[in-house]
Amino acid sequence: MDKKNVKNKTLSNLKRFWNFLWNEDSIWSWMVNILIAFVLIKFLIYPGIGFALGTQLPVVAVISESMQHNGRFDAWWNSSAVCDYGNTTVRCKQSDWYESKGITKEQFSEYNMRNGFNKGDIIILKGVTFENLQVGDVLVFHSKLSYPVIHRVVSKNDLIETKGDHNQRQIVEMTLNEKYITKDQIIGKAWVKIPYLGYVKIWFTELIQCMTFNGCKFG
């Protein structure tokens, strides 16, 4: 077969494939389109966004309520918390807890995402170094949990401390110790919030778990 015939056959096959992708209304065409979209997003678009924003994980879906504010800022600021004073633990307000860390209401009101965010939101991240990280930033970091944690920085010295806005106190456990976060655990800091779009990922993950582990729950 000469070069001209090879070229014509190649063009014919490309046209047939193009028509299959965009014009054919079949289950196989839909499946191939989904596969191509997945490959492009995972191996081209997502890494490209990560490179541009300076982080290996540029987009996260919020899967817990640990940063949620119930009501307006003032209502959250005066909501219940647990304060540790040496060996004494007492019920207090969120305002007392943050003020014990040297964070005033006026300072907090200037923080990015001062009103927190909800389960199901999408958070776009930017890369950040330990040196540039500031108290009040919403940090995404690795822990011994199977997923990254997204909480607010409340103290920074040689180590970083965080706390979820919604939580009444810091978590100090084997899988997550918010009082001893190192620079090696940093993934990035929250930049932009997109409300509720993350539920697509959450529902998909729950569906996979349901199908895999027979853990479906119906209300």
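The values are calculated or read from the model by the stated rules, or taken from the named source; none is laboratory data. Keep in mind that what you see is a predicted model, and the values were worked out from it rather than measured. With ideal geometry, Cβ positions are generated from the backbone for all residues, glycine too; neighbour counts draw on all protein chains shown.
So here's what we get for this one:
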read-out	value
Output for region 86-106, where each listed residue is of a type in the set (S, T, N, Q) and either loosely packed, with under 14 Cβ neighbours inside 10 Å or over 22 Å from Asn157 (Cβ atoms) (or both)	Asn87, Thr88, Thr89, Gln94, Ser95, Thr104
Flag if Gln185 is surrounded by fewer than 18 Cβ atoms within 10 Å (Cβ to Cβ), under 22 Å from Gln56 (Cα atoms) and modelled with pLDDT of 95 or more	yes
Residue match in region 104-120 (condition: over 23 Å from Thr175 (Cβ atoms) and in a strand (DSSP E or B))	no
Of the criteria (1) under 22 Å from Pro195 (Cα atoms); (2) free of Cβ contacts under 8 Å to residues at least 12 places away in the same chain, which one Gly120 fails	(2)
For Gln56: the one exception among (1) surrounded by 15 or more Cβ atoms within 10 Å (Cβ to Cβ); (2) of a type in the set (S, T, N, Q); (3) touching a residue at least 60 places away in the same chain (Cβ under 8 Å)	(1)
Matching entry among Tyr180, Tyr196 (being assigned by TED's automatic domain parsing to the domain that holds Trp97 and either modelled with pLDDT under 90 or polar (S, T, N, Q) (or both))	Tyr196
